[in-house]
């Protein structure tokens, strides 16, 4: 079970990954919102780590950003903000 800090770190990592991919695709928050059926304010809240997306939302975001959901999570992990738990055996 994650504590509140770990959950916040995951939201932050995911939001940063969405923002990076959105910018790489030269999309505004409004354009990404339109492509996913989400309000632009929701996209902004997500990027600022104010909310956590549902699985269906993650799938829609990945499709609009032209990546697999696993690639979206991998980018978040690469940003160094997700998966901060030590590897098994290092604890």
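Read-outs throughout are calculated quantities, based only on the coordinates presented, and are distinct from any laboratory measurement. What you see is a predicted model, and the numbers here were worked out from it, not measured in a lab.
For this structure, a couple of remarks:
- Length gained when the stretch residue 71-residue 30 is fully extended (0.36 nm per residue, less Cα-Cα span): 12.5 nm
- Region 4-77: relative contact order in percent, alpha carbon pairs under 8 Å with at least 6 residues between: 38
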